[in-house]
Amino acid sequence: MVTLAIRIATQTVIHACAIGNKFVKSISIIVKPLYSCNASCMHCSITNDMPVILPPSGVSESIKNIVTFAESYSGDTIDEINIILHGGEPMLLDVSYVNKMVNLLKNSLPLIRCNYSIQTNLLSYAPQWRTLFEKVFEWKASSSYDFYSSFRKTKNGSDYFTAWYDKVKRYQDDSGRRLYTICVLSRENVDYVEDIVREAYSCGLNIKLNMLYAAGKAKHMDKSLYITQDEYGNALIRAYRIWKTYNDNNFIFVQGNDFENIAIYGKQLGCPYTSSCVGNIFCLLPNGALYQCGECADAKQFCYGNAMENKFDITQIINANANNIDISEECLDCGICGGGCLLRRVTECSGKTPYCSTYRKLYKEVKTHDDSVCQTNKCV
Ligand code: SF4
Ligand code: SF4
Ligand code: SF4
């Protein structure tokens, strides 16, 4: 998938929180048991350079080893794991694979609560998956579709939207929910952002607007397809304005919702609005390699070893964390994202995320909107 959905399970930065009197430490693990896919999108971050499949026993053993590693690194006892099944396309694994994985984890980590979610293109969604989606994933699924874009491709050349939306409707009928959908913005569709929000609403989707970035196959795309931070920031503002015209609390524009949480409610959010993801998020690859996250795996940065072989390199995680300690005064004062994504700061050799100007713009828009609502309602 172009952009993963860590957020499905880790919407906020609750890596350690109190439930009643109990202090709960949780981590998130993006599990990529395979890289193969039944689609062939032009901008896929996966280049299919790993033909192996990690079996359920490999996933369970690896996660057990990750828990020991994370506990020894942090000194905390882990109570909860958010497991995000990812790929490639995870539904190419059958229902019995997932059931087996879940049962093995239940047996090998009896004291840890495992919450499951899935990032999928849904193209394989069929009645035999319904129970699993309901009981195991509790309908926490995310998918991707890029409106007004030519990037999404099926393998047999049929129309992607027709194939995908047919399955989306089945998912919606079964779950009674809107589907969390990631849409990538590029030069092809950035001018249609208002229409994208409208389409998302009418198709029963919640929408997240990501910016095309150079990873995997997208690295080889025409550079003119990439939009700038300025264009991206403006697109998010336009999307926010149109979203606010909908009087429906069930309809979520993800970045709008995130920035309301940050700007209006003062919440601290998780990836990518954090500089403290190290040790709280991991990504397991088909060959057992363990990375900081899916994006780091795509960029081959911050590899912590091989979880299946139980071989970890503590110096790598210490090194990753060292990059997170040195936050500028400006970011500490600003408070929007604490300097933002570790990977982006390291690859851009910058103390701040390259999304800084975009975040500031959207923050200002959301604040201004909120203040004007307050003025209108005479609540100031
Ligand atoms: S659906 Fe498209 S973007 Fe996602 S893994 Fe498959 S080919 Fe890649
Ligand atoms: S200055 Fe930029 S990078 Fe730093 S916290 Fe604010 S928005 Fe984030
Ligand atoms: S490195 Fe960036 S993308 Fe990866 S988990 Fe941290 S904030 Fe998210």
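The values are calculated or read from the model by the stated rules, or taken from the named source; none is laboratory data. If you're wondering where the values come from, they're calculated on a predicted model, not measured in any experiment. Glycine gets a Cβ as well: all are built from the backbone with ideal geometry, and neighbour counts include every protein chain shown.
With (1) more than 21 Å from the chain's Cα centre (by Cα); (2) closer than 30 Å to residue 55 by Cβ; (3) hydrophobic (A, V, I, L, M, F, W, C) as the list, and residue 318 as the residue in question, which single condition is left unmet?
Just one mismatch for residue 318, condition (2).
Every residue in segment 288-321 that is part of a strand (DSSP E or B) and either within 16 Å of ligand 1 (Cβ to nearest atom) or farther than 14 Å from residue 346 by Cβ (or both), please.
289, 290, 304, 305, 306, 311, 312
Before we move on, is residue 76 closer than 30 Å to residue 211 by Cβ, of a type in the set (D, E, K, R) and at pLDDT below 95?
No.
Here is a check on your reading of the model: is residue 245 of a type in the set (Val, Ile, Thr), touching a residue at least 60 places away in the same chain (Cβ under 8 Å), more than 16 Å from ligand 1 (Cβ to nearest atom) and in a loop (DSSP other than H, G, I, E, B)?
no
Being more than 16 Å from ligand 2 (Cβ to nearest atom), crowded, with 17+ Cβ neighbours inside 10 Å and over 16 Å from the mean Cα position of the chain (by Cα): is that true of residue 294 here?
no
Among (1) in a helix (DSSP H, G or I); (2) at positive phi, which single condition is residue 349 missing?
Only one criterion is unmet by residue 349, namely (1).
Could you list all residues from segment 73-96 that are of a type in the set (Ser, Thr, Tyr) and either crowded, with 19+ Cβ neighbours inside 10 Å or touching a residue at least 60 places away in the same chain (Cβ under 8 Å) (or both)?
Residues satisfying the conditions are 73, 74.
Check residue 313 against each of (1) touching a residue at least 12 places away in the same chain (Cβ under 8 Å); (2) more than 16 Å from ligand 2 (Cβ to nearest atom) and name the one condition it does not meet.
Only one criterion in (1) touching a residue at least 12 places away in the same chain (Cβ under 8 Å); (2) more than 16 Å from ligand 2 (Cβ to nearest atom) is unmet by residue 313, namely (1).
Do we find a residue being more than 29 Å from residue 51 (Cα to Cα) and of a type in the set (Phe, Trp, Tyr) anywhere in segment 297-315?
The answer is no, given that none of the residues of segment 297-315 is more than 29 Å from residue 51 (Cα to Cα) and of a type in the set (Phe, Trp, Tyr).
From (1) in contact with a Phe, Trp or Tyr (Cβ under 8 Å, 6 or more places away or on another chain); (2) surrounded by fewer than 23 Cβ atoms within 10 Å (Cβ to Cβ); (3) in a helix (DSSP H, G or I); (4) in contact (Cβ under 8 Å) with a residue 40 or more places away in the chain, pick out the condition that doesn't hold for residue 362.
Tallying (1) in contact with a Phe, Trp or Tyr (Cβ under 8 Å, 6 or more places away or on another chain); (2) surrounded by fewer than 23 Cβ atoms within 10 Å (Cβ to Cβ); (3) in a helix (DSSP H, G or I); (4) in contact (Cβ under 8 Å) with a residue 40 or more places away in the chain, residue 362 fails exactly one: (2).
To keep it simple, each residue is scored yes or no on (1) within 10 Å of ligand 3 (Cβ to nearest atom); (2) in a loop (DSSP other than H, G, I, E, B).
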| site | (1), (2) |
| --- | --- |
| 235 | no, no |
| 250 | no, yes |
| 257 | no, no |
| 273 | yes, yes |
| 283 | yes, no |
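Just to check your reading of the model, which residue among 60, 45 is at pLDDT 95 or above and either within 13 Å of ligand 1 (Cβ to nearest atom) or within 18 Å of residue 291 (Cα to Cα) (or both)?
On inspection, the qualifying residue turns out to be 60.
Which one of 310, 306 is over 25 Å from residue 230 (Cα atoms), surrounded by 15 or more Cβ atoms within 10 Å (Cβ to Cβ) and in contact with a Leu (Cβ under 7 Å, 6 or more places away or on another chain)?
Step by step, each of 310, 306 is checked, and only 306 is over 25 Å from residue 230 (Cα atoms), surrounded by 15 or more Cβ atoms within 10 Å (Cβ to Cβ) and in contact with a Leu (Cβ under 7 Å, 6 or more places away or on another chain).
Yes/no per residue for (1) of a type in the set (D, E, K, R); (2) modelled with pLDDT of 95 or more; (3) more than 21 Å from residue 43 (Cβ to Cβ):
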| position | (1), (2), (3) |
| --- | --- |
| 156 | no, no, no |
| 161 | no, yes, no |
| 185 | no, yes, no |
| 207 | no, yes, no |
| 213 | no, no, no |
| 231 | yes, yes, no |
| 236 | no, yes, no |
| 247 | no, no, yes |
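Given the residues 167, 153, 100, which is the only one that is among the charged types (D, E, K, R), in contact (Cβ under 8 Å) with a residue 40 or more places away in the chain, surrounded by fewer than 21 Cβ atoms within 10 Å (Cβ to Cβ) and within 30 Å of residue 77 (Cβ to Cβ)?
The match here is 100.
For segment 246-279, which residues satisfy the criterion of being aromatic (Phe, Trp, Tyr) and touching a Gly at 6+ places or on another chain (Cβ under 8 Å)?
Selection gives 273 alone.
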